[in-house]
Amino acid sequence: MAEPDTIKLLRECDAGVKMGISSIGDVLTYIHEEELRQCLAEGVSAHETLEGEIKRQLNNYHDDGKEPNPIAKGMSWVKTNVKLAMEGSDAAIADFVTDGCNMGVKSLNKYLNQYQAADETSKDLAKRLISIEEDLAADIRMFL
């Protein structure tokens, strides 16, 4: 049945895009290198654009979406603040964001496999979010 899988996939995309925006936002004030700041700002912008598209699709199904897992979000916040308090370098930020991107790619691919009956629009949104995460991780490698 396509509709339940579609809604579930869209919810996971919604949670993932929100987690990405939040996690990147947590590190922006710690950045020293302007080029890294620009890469991450572009990443946030791409996430926010896709977030709007995901919300529109969820609205079509009269669904409110999904918030990121509070435990995962809390652990991310703690890891960010502890790591950056100990080593506030751009390399540490790039490492943290790269780990987050990799986790996002892994999770989204899992959900694409799990919700195979989802419609093509929601699958495309998930694939685009995966691409945003992969591109961001590649763009910041030079700061590792």
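As a test question: what accessible area, to the nearest 10 Å², does residue 45 have when a 1.4 Å probe is rolled over all protein chains in place?
60
Per residue, how large is the accessible surface of the chain? Use a 1.4 angstrom probe and give square angstrom.
Heavy-atom SASA per residue in the chain reads 54 Å².
Let me cross-check residue 30: its accessible surface, 1.4 Å probe, with only protein heavy atoms counted, in Å² to the nearest 10?
Surface accessible to solvent at residue 30 totals approximately 70 Å².
Below 15 angstrom from the Cβ of residue 26, what's the summed charge of the other residues (Lys, Arg +1; Asp, Glu -1)?
Net local charge, residue 26 excluded: +2.
With mean projected area of the Cα convex hull in nm² as the read-out, I listed [x] 8.6; [y] 9.8; [z] 7.8; which label goes with the value calculated from this structure?
Answer label, from the structure shown: [z].
Compute, for residue 75, the solvent-accessible surface of its heavy atoms (probe 1.4 Å) with the complete set of protein chains present, and express it in square angstrom to the nearest 10.
130
In percent, how large is the relative contact order of the chain, given Cα pairs closer than 8 Å and 6 or more residues apart?
Over the chain, the number comes to 43 percent.
Between 86, 60, 122, whose Cα lies farthest towards the positive end of the dipole of region 45-144 when Lys and Arg beta carbons carry +1 and Asp and Glu beta carbons carry -1, centred on the Cα centre?
Of the listed residues, the answer is 86.
To make sure I understand the rule: partners must be lysines, Cα under 18 Å from the Cα of residue 8, and not fewer than 8 residues away in the same chain. Which ones qualify?
18, 55, 66, 106, 110, 123, 127
The values are calculated or read from the model by the stated rules, or taken from the named source; none is laboratory data. Since the model is a prediction, treat every value here as computed from it, not as a measurement. With ideal geometry, Cβ positions are generated from the backbone for all residues, glycine too; neighbour counts draw on all protein chains shown. These area figures cover heavy atoms from the full protein model, side chains too; ligands, DNA and RNA do not enter into them. Shrake-Rupley method; radii C 1.70, N 1.55, O 1.52, S 1.80 Å.
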